Amino acid sequence: MSNDDIRHPLSRVIPSRPFGPMRSPARALGWFSIALGLAELAMPRRMARVAGAPNLPALTRACGLREVGTGIGILTSKDPSPWLWVRVAGDALDIAAVGGGLVTRGRPLRTLTSLAVLVGVTLIDMKVAEAAPPEKKRSRLLTHDYSGRSGFPLPAAQMRGVGTRPSARMGSAASASPPRTEDAASAMPRSETSMAS
Amino acid sequence: MKALCWHGKHDIRYETVPDPAIEHPRDAIIKTTCCAICGSDLHFYDGFMPGMKSGDIVGHEFMGEVVEVGAENKKLKVGDRVVVPFTICCGECEQCRRGNFSVCERTNRKKNLGDLTFGHSTAGLFGYTHITGGYAGGQAEYVRVPYADVAPVKIPEGLTDEQVLFLGDIFPTGWQAAAQCDIQPTDTVCVWGAGPVGQFAIRSAIMLGAEQVICIDNVPERLDMARAGGAITIDFDEESVLDRLQELTGGKGPDKCIEAVGMEAHSLRSIDSMIDRVKQSVMIESDRPHVLREMMYVCRPAGVLSVAGVYGGMVDKIPFGAVMNKGLTIRTGQTHVNRWTDDLLQRIGDGQIDPSFVITHSVPLEDGPAMYRTFRDKEDGCIKVVLKP
């Protein structure tokens, strides 16, 4: 069976799980992008006013869609690096858009403040994008060895089915596993092993 | 006496509280010798369980010595060593006589809350929300046990506390989860969650004859313990669960699926679970059902979904079309502990299983508040915490 044959159909639709730690700066930026994007989609005029950008709702909403998409990409990708660099590119566009407000809107203090914030965000995005984990499997170190904690007196394979028979002390004939039959069709449904007395 | 008391989200305190007293002639007072923190305790620790009140004594996994008995209790005597199931049952109502102990019709003394929340009330539980009766719990030096002539399980000589403590909850919970699957000898059983209940579900599925048992989690130590119990493991941080299950089942999907995760599913790597987190943060969804959705999609048609994890409220976007068209059976519920305890105690005594394998931390009761955090965050390889008053 080929690799494509064994893939579940839904795994082609649902993004693969990414490698990397759960708690990371990349994850924080992903959530930040989604939150910012939703705000831009819901309140484009207010967000443009706060940022000192030109009052162009369509443009602000487009930025919002970009932010939401980037955030989802960061949080669900196997390797968030490309999406983090998309954020950097988006930051450049935002700087250009807000800078345009400096020329057209005449609110220099607010616009300069927004530009300063954007430059700071850009630097953070670049730092996180550069430091993002590489696209290869990370080693998962075991801190404690629980390999000997089966709870069984025998290997698990030899304990298969003991619960379907009345309990007997281990080592007695009654507790030995019967030979497994090749004929699966002969298996009968089993009732629950114990009921209320 | 000293006890662990809930005072809000992430606020468990080791406090001095009044000793319990006999309130009904069938009661007994137990001096706790050993108790544990359960995964479902984390739901109120993290603030997800409604109906908690500041000062509630928590804990529903406990055992100890009988120190006082009510006048009408003919089953127990002072000095008996007992494990107390987390469900309180009367033994007389129609549900109890059917063996449905966790939905006893008499023991929830806040029945109106249960009716309001769930449509019909269920049994009282120790150390949990007032929706289930608000009974003082067992993470304490002493506990009042109502209807003590019904549920408590007498422990014979020769078995340690650590071997039998889990008869009160997680061992029968894992066993019921597996038994509800009606496991056939050719079945592949898949267990979501390698916490304590998942560990017992794995071993129970093996003992009940499953041909193959798979376990899904992302904590290396828990997966290690799952493999020790006979499971093939899938680390959902490292590979696609859907694809790996396809590979392991020849493209058919697992025959039986056990959910041992509950309402606080921790996966964040899929869009649906991200949306659940957002909705939960603005309180338009109370539970996170990512695992339920995944099970419904991957389960083989005509299979069984056995849900042992605790859910409290509402879940969204459930693919019920998949459930209906594939003819899946969903079996769930709080554990009917006394349905299983006689048999499981016998099997422990016969050496078929030693439940103490799951204990990773054993500390004094006064360290309980800190251990809630350790347990929740899975620090220091923590899988199961036992507390000793």
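Would you please give the FRET efficiency between residue A:154 and residue B:120, computed as 1/(1 + (r/R0)^6) with r the Cβ-Cβ distance and R0 = 56 Å, to the nearest 0.05?
0.80
Filter the cross-link list B:77/B:388; B:74/B:110; B:53/B:111; B:2/B:388 down to pairs whose alpha-carbon distance in this structure exceeds 19 Å.
Violating the 19 Å limit, Cα to Cα: B:77/B:388; B:74/B:110.
Treat every Asp and Glu Cβ in chain B as -1 and every Lys and Arg Cβ as +1, leave all other atoms uncharged, and give the resulting dipole magnitude about the Cα centre to the nearest 20 debye. Before the final figure, lay out the partial values.
On the way: 40 positive and 53 negative charges, 178 e Å.
In debye, rounded to 20, chain B gives about 860.
Mind checking which of B:29, B:318, B:12 has the largest fluctuation in a GNM of chain B, springs on alpha carbons under 10 Å?
Maximum among the listed residues: B:318.
Please report the spacing between the Cα centers of the stretch B:5-64 and the stretch B:106-128 in Å, no decimals.
Cα centroid of the stretch B:5-64 versus Cα centroid of the stretch B:106-128: 17 Å apart.
Taking chain B as a Gaussian network, where each spring joins two C-alpha atoms under 10 Å apart, which residue of B:28, B:177, B:302 fluctuates the most?
The residue that fluctuates most here is B:302.
Taking just the alpha-carbon atoms of the stretch B:313-379, what radius of gyration and Dmax come out, in angstrom?
Every Cα atom of the stretch B:313-379 included, Rg and Dmax give 19.3, 52 Å.
Filter the GluC sites (Glu not before Pro) in the stretch B:23-131 down to the DSSP loop ones having no more than 13 other Cβ atoms within 10 Å, then list what survives.
In loop regions of the stretch B:23-131 (DSSP not H, G, I, E or B), the sparsely surrounded GluC sites (Glu not before Pro) are B:23, B:72, B:92.
Listing B:98, B:109 from the residue with the fewest other Cβ atoms within 10 Å to the one with the most, what is the order?
B:98, B:109
Looking at the calculated P(r) for the stretch B:131-263, what percent of the C-alpha pair distances fall above 20 Å?
53 percent
Report, largest value first, the span of the C-alpha coordinates of the stretch A:24-131 along each principal axis, in whole Å.
Cα extents, longest axis first: 43, 25, 16 Å.
Note down the magnitude of the dipole of the stretch B:1-116 about its Cα centre, charges +1 on Lys and Arg C-beta and -1 on Asp and Glu C-beta and zero elsewhere, to the nearest 20 debye.
200 debye
Quick one: net charge around residue A:119, please, counting Lys, Arg +1 and Asp, Glu -1 for every other residue with C-beta under 12 Å from its C-beta.
Details: positive: none; negative: A:91, A:94, A:125.
My count for the surroundings of residue A:119 gives -3.
If we restrict to alpha carbons, what Rg and Dmax does the stretch B:14-129 come to, in Å?
My reading of the Cα-based Rg and Dmax gives 15.1, 41 Å.
Determine the gain in length on full extension of the stretch residue B:31-residue B:373; use 0.36 nm per residue of separation and subtract their C-alpha separation, reporting nm with one decimal.
Numbers: separation 342, 0.36 × 342 = 123.12 nm, distance 2.58 nm.
Between residue B:31 and residue B:373, full extension yields an extra 120.5 nm.
Report, as an integer, the average count of C-beta atoms from other chains found within 10 Å of each Cβ along B:379-388.
Numbers: counts 1, 2, 5, 1, 3, 0, 0, 0, 0, 0.
Per residue, the number of nearby Cβ atoms from other chains is 1 on average.
May I ask you to compute the full-extension gain from residue B:320 to residue B:332, defined as 0.36 nm times their residue separation minus their alpha-carbon distance, rounded to one decimal in nm?
So the extension gain works out to 2.7 nm.
Once you have the Kirkwood Rh of chain B from its Cα pairs, apply Stokes-Einstein at 37 °C and 0.692 mPa s and quote D in µm²/s. Kindly include the intermediate steps, with their values, before the conclusion.
Details: Rh = 21.0 Å.
Answer from the Stokes-Einstein relation: 156 µm²/s.
Who wins for biggest fluctuation among B:111, B:53, B:317 in a Gaussian network model of chain B, springs between alpha carbons below 10 Å?
So, out of B:111, B:53, B:317, the one fluctuating most is B:317.
Assign one of three labels to the stretch B:90-148, namely rounded, prolate or oblate, based on the Cα gyration tensor with a ≥ b ≥ c the square roots of its eigenvalues; rounded applies when a/c is under 1.5, prolate when it is not and a/b is larger than b/c, and oblate otherwise.
oblate
Where a number appears in this text, it was derived from the coordinates with a stated rule and is not lab data. Since we're looking at a predicted model, the values are computed, not measured. Please note: Cβ atoms are built from the backbone with ideal geometry, for glycine as well, and neighbour counts cover all protein chains shown.
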